[in-house]
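Enquirer: Have a look at this one before I ask anything.
The values are calculated or read from the model by the stated rules, or taken from the named source; none is laboratory data. Predicted model only: the values in this text are computed from it and were never measured. In case anyone asks, the SASA skips ligands and DNA or RNA and just uses the protein heavy atoms, side chains included. Shrake-Rupley method; radii C 1.70, N 1.55, O 1.52, S 1.80 Å.
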Amino acid sequence: MRADHKKIQRKLSIAKGQLEGISKMIDDDAYCIDVSNQLLAVITLLKHANNEILSAHLEHCFHQAKEGDDLNQKMKEVSSLLERMSK
């Protein structure tokens, strides 16, 4: 993976902390909208981390893929992933 490891790990650590906080909010019977807002914040953070990883993949793996089977396989992988992301 060519993405900035420190940057990705930082985002994942923040998301982990936020999830722990959300779990506590649920235990404390917090207001549903507040819980939902926090969940959306974690989802957004994870999407940003995922986008950075995908960008690095496209820049590195696609760039280095030779035409033919390797490139076709990379295209299928990304296409499948984008399809799953849109659901």
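Enquirer: Here are the criteria: (1) outside any helix (DSSP H, G or I); (2) within 25 Å of Glu52 (Cα to Cα); (3) of a type in the set (D, E, K, R). Tell me which single one Arg10 does not satisfy.
Expert: That leaves (1) as the condition not met.
Enquirer: Which members of the stretch 30-85 meet the condition of being in a helix (DSSP H, G or I), of a type in the set (Gly, Ala, Ser) and more than 16 Å from Ser13 (Cα to Cα)? Step through it out loud before you land on a result.
Expert: Residues of the stretch 30-85 that are in a helix (DSSP H, G or I), as a first pass: 32-64, 69-85.
Restricting the remaining residues to those that are of a type in the set (Gly, Ala, Ser) gives 36, 41, 49, 55-56, 79-80.
If the condition is that a residue be in a helix (DSSP H, G or I), of a type in the set (Gly, Ala, Ser) and more than 16 Å from Ser13 (Cα to Cα), then Ser36, Ser55, Ala56, Ser79, Ser80 are the ones that fit.
Enquirer: Provide a single number: the residues in the stretch 1-47 that are open to solvent by less than 90 Å² (accessible area, probe 1.4 Å) and not small (Gly, Ala, Ser).
Expert: Total satisfying the criteria: 19.
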